[in-house]
Each structure stands twice: as C-alpha cells, then as structure tokens.
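The values are calculated or read from the model by the stated rules, or taken from the named source; none is laboratory data. Keep in mind that this is a model prediction, so the values were computed, not measured. With ideal geometry, Cβ positions are generated from the backbone for all residues, glycine too; neighbour counts draw on all protein chains shown.
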Amino acid sequence: MSHKTCLGPVGPGEKVNVFVTVPMPDECVKLMTDVDPRVNVIFDKDLIPDQRYPADRRGQAMEWTPERDRKWNEYLKEADILFGFDYRHMDNLRDFAPKLKWVQGTSTGIGPSVVKAGWPEKGIVATTASGIHSVPISEFVIMSMLCFEKDIFHLFDLKSQRKHERYCTGQLRGKTLGIVGLGKNGRLVATLAAAHGMRVLATKRTTQGYVPQNLGVDQLYAPADIKKMLPQCDYVSMTVPTTPDTYKMMDYEMFKTMKPGAVFINNSMGTTVVQDDLIRAIKEGHLRGAAIDVYEKEPVPADSPLWSMPNVLMSPHSASCCMYEDANIANLFIDNLRRYLDGRPLRNAVRPELQY
C-alpha cells in the first residue's frame, strides 16, 4: 500500500475537522463523533437534506441559497476530512478546502472521478466504500439467475391471466457462471454461486501466483483471455470497475462470443457496456436476456427499448442499496478515522495508476 495513505499521526492536542457532506442517520453521525475527543464532526442539518430511504446519499430536494453556500464554503475551509463528495467543487476542491487531506467516498467506483479531478496531484487521498456493497450485489446476481432459471416472467404472466397451469423450470446446479472481475464483489458472487452447485469461472486483472480454488473459482482467466471464458458460460456477471481497459469492453463482438442462450448480468458500471449492442444481441435471440442495474444513461430514457423487452430485468441502480448500508459505511469510516489518527494506512485508498 502506498505511503501516501498514511496521513497521521495526530497529536494529543490537535483537532481534526470532519465535514459530513451527504445524508446520514443521526445515530451514525454520533458514532463518528464519539470516536475520539480530537475529532470534531460537522453535520449541519440545514445543509444536508433528509434521506428518502435508507442508504440514500442524495436526499430530498433542497433549495440552495446564497446563505447555505456561504456556510458550506466555511466548513470546507476548515475541513481536514470529508465524509462524502462535494460534487460542486470536484475540480477546484483544493481552492475551497486548503487543509483537506482525505475524502471518504460512500461508493466504490469513485476512482475515475478522483483521477480526473487531479486529487492525487493536489495531495488529497480518496478512499472508497469497496466491500460495503458486496452482499446486496452478490445476492442480486443470484436472484437474477434464479429469476431466469425459474422463469419468473412466465409466473407473472400466469398470474396476470389468473391461470393455474403447471410448467417445468431449470436449476442453477450444474450451470456455469462467468465472473468478469474477481474483486471483493466478484469473490462473494463466486461463493454464493458455488453454494448453489454452479461451476464458476472468472477473469482477474492479475492471475500469476493465484490458485483458482483458493479464490473460490474453478478456473481463472487473464482479461486478455476473456473470449476463452465467455463461450462456456450460461451466465456472465460484470463486477469490474470503470477504467480505460474496461470502458465499453462488452460490445457486440463480446456478446456474440457468449454462449447462445446465455444471460448477461451487469451491476458494475454502465460505462463498461455498449448498451445498444446488448439490446441487439438479445433481440437477435443470441442471448436469452439480461439483468441490468446500471446503464449508459441514468435515469433510463422513457423511449429506451429496454422498457418493453420482456426478458430483461431492470433495477434502478439499486442493487447495492441495503438497509444495513448506513451503519456499514459509518463503521468503515470509523475504522479509517482511527487509522488516520494513529498514522496507519487507510483502507480502500484509490490507486491513481489503476483508478480504483
């Protein structure tokens, strides 16, 4: 881990100002406040909107007045740490926050934004929420595969027609899942899929020195060998971050390489897929369908063909949201805050050369 992720230690008499920039429950903010007497947590309810639902980091609509802008900038000026992003000042954050050393992100895929804004060169360390969303995301993958195996579309159709008509389903046991990107999310997907009796293949950025079975998969492929993996898979799950190497990597050629009748599942980033090519592969009948949580454009336009495709499950970028997220992300931050105070390396620090 880079030496730049060790930002302390903080002396006994020093104060550390933490500015919370996103909606969080009061009880989670209190946990942050109670970490250490040296920590001063700024959570101004006049500036932070109420959550619309658990794990909401946007909040209800709020009118932004000049007075609120003035208060916000005053807090930025004194902040050593931000919990959450300040999207209005991404590119010029250092100008508004001269003391800022570290930003704790509340999502996983913040790397490209951080690198584009030039934070590493400006001495601002960013840490991600990597691992926090692994459980709900992996369960979304299992749910999606079961929906296709048990043909939930047919069940809803029968119900709408008030028909009691027996039918036959498939099963996950014996099927092959291909995981594109064996990170924290991918490894938990592999564990759950293996528990269902599936054969699990995966790509990983670096494969040298790794034993597939020790990572919970049957076979491991380098990214360059993904076309050797895809034709074997009944299901393909995307769990890669957005980097120059993964940007729009799943195009028509890749979808045609997949096994006929396979199902594509994407809950990584919409930028990793050429969405029109996916739609084409499904319409042509090469793919059985898809389960999608992330899209090229969000919200999905009303005229998108996806809305009318009966063999496509659509989730509104919510596969990662879970009622336990608020507490989990608070605990991750608290662990990192203690590391900061002690001068120990921070968890999940963005590596600029990888963009995650």
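Is there a residue being touching a residue at least 12 places away in the same chain (Cβ under 8 Å), over 25 Å from Trp72 (Cα atoms), surrounded by 17 or more Cβ atoms within 10 Å (Cβ to Cβ) and not hydroxyl-bearing (Ser, Thr, Tyr) anywhere in region 155-172?
From region 155-172, those touching a residue at least 12 places away in the same chain (Cβ under 8 Å) are 167, 169-172; that's our starting set.
Of the ones still in play, those that are also over 25 Å from Trp72 (Cα atoms) are 167, 169-172.
Now restrict to residues that are surrounded by 17 or more Cβ atoms within 10 Å (Cβ to Cβ): 172.
If we keep only those that are not hydroxyl-bearing (Ser, Thr, Tyr) as well, we get 172.
So far as region 155-172 goes, yes, one or more of its residues are touching a residue at least 12 places away in the same chain (Cβ under 8 Å), over 25 Å from Trp72 (Cα atoms), surrounded by 17 or more Cβ atoms within 10 Å (Cβ to Cβ) and not hydroxyl-bearing (Ser, Thr, Tyr).
Considering only residues that are of a type in the set (A, V, I, L, M) and either closer than 27 Å to Val22 by Cα or out of contact with any helix residue (DSSP H, G or I) (no Cβ under 9 Å at 6 or more places or on another chain) (or both), which ones fall in region 283-328?
Ile292, Val294, Val300, Ala302, Met314, Ala319, Met323, Ala327
Assess whether Val141 counts as being in the same structural domain as Met90 (by TED's automatic domain parsing), surrounded by 19 or more Cβ atoms within 10 Å (Cβ to Cβ) and either more than 27 Å from Tyr235 (Cβ to Cβ) or of a type outside the set (Asp, Glu) (or both). Can you show your working first?
Numbers: in the same structural domain as Met90 (by TED's automatic domain parsing): no; surrounded by 19 or more Cβ atoms within 10 Å (Cβ to Cβ): yes; either more than 27 Å from Tyr235 (Cβ to Cβ) or of a type outside the set (Asp, Glu) (or both): yes.
When the stated conditions are applied, Val141 does not pass them.
Among the residues of region 55-78, is any assigned to a loop (DSSP other than H, G, I, E, B), exposed (fewer than 12 other Cβ atoms within 10 Å of the Cβ), more than 26 Å from the chain's Cα centre (by Cα) and touching a residue at least 12 places away in the same chain (Cβ under 8 Å)?
For region 55-78, residues assigned to a loop (DSSP other than H, G, I, E, B), exposed (fewer than 12 other Cβ atoms within 10 Å of the Cβ), more than 26 Å from the chain's Cα centre (by Cα) and touching a residue at least 12 places away in the same chain (Cβ under 8 Å): absent.
Look through Val22, Val35, Val41 and report the one residue that is under 24 Å from the mean Cα position of the chain (by Cα) and closer than 15 Å to Phe333 by Cα.
None of the others qualify; the one that does is Val22.
Quick check, is Ile152 under 21 Å from Ala319 (Cβ atoms) and surrounded by 16 or more Cβ atoms within 10 Å (Cβ to Cβ)?
no
Results for (1) over 22 Å from Leu287 (Cα atoms); (2) of a type in the set (Lys, Arg); (3) buried (at least 18 other Cβ atoms within 10 Å of the Cβ), shown as yes or no for each residue.
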{"site": "Pro223", "(1), (2), (3)": "no, no, no"}
{"site": "Asp234", "(1), (2), (3)": "no, no, yes"}
{"site": "Met238", "(1), (2), (3)": "no, no, yes"}
{"site": "Thr242", "(1), (2), (3)": "yes, no, yes"}
{"site": "Val263", "(1), (2), (3)": "no, no, yes"}
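In region 25-37, is there at least one residue being acidic (Asp, Glu), within 23 Å of Pro112 (Cα to Cα) and touching a helix residue (DSSP H, G or I) at 6+ places or on another chain (Cβ under 8 Å)?
For region 25-37, residues acidic (Asp, Glu), within 23 Å of Pro112 (Cα to Cα) and touching a helix residue (DSSP H, G or I) at 6+ places or on another chain (Cβ under 8 Å): absent.
Given the conditions (1) surrounded by 22 or more Cβ atoms within 10 Å (Cβ to Cβ); (2) within 19 Å of the chain's Cα centre (by Cα); (3) of a type outside the set (Lys, Arg), which single one is not true for Val135?
Every condition holds for Val135 apart from (1).
Could you say whether any residue in region 79-88 is buried (at least 21 other Cβ atoms within 10 Å of the Cβ), closer than 26 Å to Leu354 by Cα, in the same structural domain as Asn328 (by TED's automatic domain parsing) and out of contact with any Ser or Thr (no Cβ under 9 Å at 6 or more places or on another chain)?
There is at least one residue in region 79-88 that is buried (at least 21 other Cβ atoms within 10 Å of the Cβ), closer than 26 Å to Leu354 by Cα, in the same structural domain as Asn328 (by TED's automatic domain parsing) and out of contact with any Ser or Thr (no Cβ under 9 Å at 6 or more places or on another chain).
Could you run through region 318-336 and say how many residues are under 30 Å from Thr206 (Cα atoms) and either among the hydrophobic types (A, V, I, L, M, F, W, C) or crowded, with 17+ Cβ neighbours inside 10 Å (or both)?
9
Could you list, in sequence order, all residues of region 89-104 that are closer than 21 Å to Pro23 by Cβ and either in contact (Cβ under 8 Å) with a residue 60 or more places away in the chain or outside the structural domain of Ile48 (by TED's automatic domain parsing) (or both)?
Selection gives Trp102, Gln104.
Would you check if Val217 is surrounded by 15 or more Cβ atoms within 10 Å (Cβ to Cβ), touching a helix residue (DSSP H, G or I) at 6+ places or on another chain (Cβ under 8 Å), assigned by TED's automatic domain parsing to the domain that holds Ala193 and farther than 11 Å from Leu182 by Cα?
no
Out of everything in region 13-29 that is under 16 Å from Asn336 (Cα atoms) and not polar (S, T, N, Q), what residue ends up being surrounded by the most Cβ atoms within 10 Å (Cβ to Cβ)?
Residues of region 13-29 that are under 16 Å from Asn336 (Cα atoms), as a first pass: 16-20, 28-29.
This time we only want the ones that are not polar (S, T, N, Q), so: 16, 18-20, 28-29.
On the way: Val16: 21, Val18: 23, Phe19: 26, Val20: 24, Cys28: 20, Val29: 20.
Result: Phe19.
Can you tell which of Ser160, Ser138 is in contact with a helix residue (DSSP H, G or I) (Cβ under 9 Å, 6 or more places away or on another chain) and polar (S, T, N, Q)?
Details: Ser160 fails: in contact with a helix residue (DSSP H, G or I) (Cβ under 9 Å, 6 or more places away or on another chain).
So the residue among Ser160, Ser138 that is in contact with a helix residue (DSSP H, G or I) (Cβ under 9 Å, 6 or more places away or on another chain) and polar (S, T, N, Q) is Ser138.
Of everything in region 340-356, what is surrounded by fewer than 19 Cβ atoms within 10 Å (Cβ to Cβ) and either free of Cβ contacts under 8 Å to residues at least 40 places away in the same chain or part of a loop (DSSP other than H, G, I, E, B) (or both)? Give them in sequence order.
Correct list: Gly343, Arg344, Pro345, Arg347, Arg351, Pro352, Glu353, Leu354.
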